[in-house]
Amino acid sequence: MGDGTERGGALTPVRVSGRRGVVEVATGANHNGVAKNDGSVWWWGYNDYGQIGDGSRADRNRPTRVSGISQAVSLGLAYRSSCA
């Protein structure tokens, strides 16, 4: 969800933590992400194929900063992958 809970399929919008400075949003079937105005990238959601980019396969229920990316200008998501 991005709000720290492990629920899925909310019927109403939920507030995502760490949302200040967001300049782009990317959404996928099972994970989501944002780019911020400082060039950082943050992903959350299912991570069964490492698509969050944090070196693990643990699902993330809050935005997780991707290390090594500091000048992102665009985001893209596919079923099991992410790019910035």
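Since every read-out is calculated from the coordinates, none of them should be taken as a lab result. No experiment lies behind these values; they were computed from the predicted model shown.
Couple of notes before you dig in:
- For the stretch 20-25, putting each phi into the Karplus relation 6.51 cos²θ - 1.76 cosθ + 1.60 with θ = phi - 60° gives couplings of 6, x, 6, 10, 8, 10 Hz, in residue order, rounded to whole numbers and with x for Gly and Pro.
- Integer Hz, Karplus 6.51/-1.76/1.60 couplings in order for the stretch 64-71, x for Gly and Pro: 10, 5, 8, 6, x, 10, 10, 9
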